[in-house]
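The structure appears right after this line, and notes come after that.
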Amino acid sequence: MASELPGEVIWMRPERAAVGRPAQRSRGEITAAAATATKSLDNKKIISYWHSGVTMQTVQGPVKFDSTGANTVAQKFIFQWQKGGTFNQVLPTAATGSVAIVNPKPSWSS
């Protein structure tokens, strides 16, 4: 297995250890959902299913594509490097796991 990724958040590690990065797992989940729903592995049918407005659940949260392929319900998170070299989720503030934003940014140290 590859070494730890720079900036990888701790909660991702168990998922990555089991099946790779979460995004890879999510792609598999939505492909499996489409193949099951369409009873087909035909690319056109799978893409049509994805673009039909159905909401699919993944390890990264819900996924719903519009007709252009944009995920309209994607969770958006912002992370910040903080003291001690930790990479912390800071937004949205109400989300589980978010910590306070460090502002103003401290001076760089050598």
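Does the stretch 45-56 contain any residue that is in a helix (DSSP H, G or I) and under 30 Å from residue 106 (Cα atoms)?
Looking for residues that are in a helix (DSSP H, G or I) and under 30 Å from residue 106 (Cα atoms), one finds none in the stretch 45-56, hence no.
Please enumerate the residues belonging to the stretch 66-92 that are touching a strand residue (DSSP E or B) at 6+ places or on another chain (Cβ under 6 Å) and either under 13 Å from residue 54 (Cα atoms) or part of a strand (DSSP E or B) (or both).
Those that are touching a strand residue (DSSP E or B) at 6+ places or on another chain (Cβ under 6 Å) and either under 13 Å from residue 54 (Cα atoms) or part of a strand (DSSP E or B) (or both): 71, 73, 78, 79, 80, 81, 82, 87, 88, 89, 90, 91.
Take the stretch 68-107 and flag every residue that is exposed (fewer than 10 other Cβ atoms within 10 Å of the Cβ), under 25 Å from residue 24 (Cβ atoms) and either modelled with pLDDT under 85 or polar (S, T, N, Q) (or both).
Once the filter is applied, which keeps residues that are exposed (fewer than 10 other Cβ atoms within 10 Å of the Cβ), under 25 Å from residue 24 (Cβ atoms) and either modelled with pLDDT under 85 or polar (S, T, N, Q) (or both), the stretch 68-107 yields 68, 76, 96.
Report, ordered by the first and then the second residue, all pairs with beta carbons closer than 6 Å, sequence separation of six or more or different chains, a first member in the stretch 27-50 that is under 18 Å from residue 67 (Cα atoms), and a second member that is among the β-branched types (Val, Ile, Thr).
Listed by first residue and then by second, the contacts come to 30/63; 34/46; 45/38; 49/38.
The values are calculated or read from the model by the stated rules, or taken from the named source; none is laboratory data. In this text the structure is predicted, and so the values were computed from the model without any measurement. Positions of Cβ are generated from backbone atoms using ideal geometry, with glycine treated the same way; all protein chains shown enter the neighbour counts.
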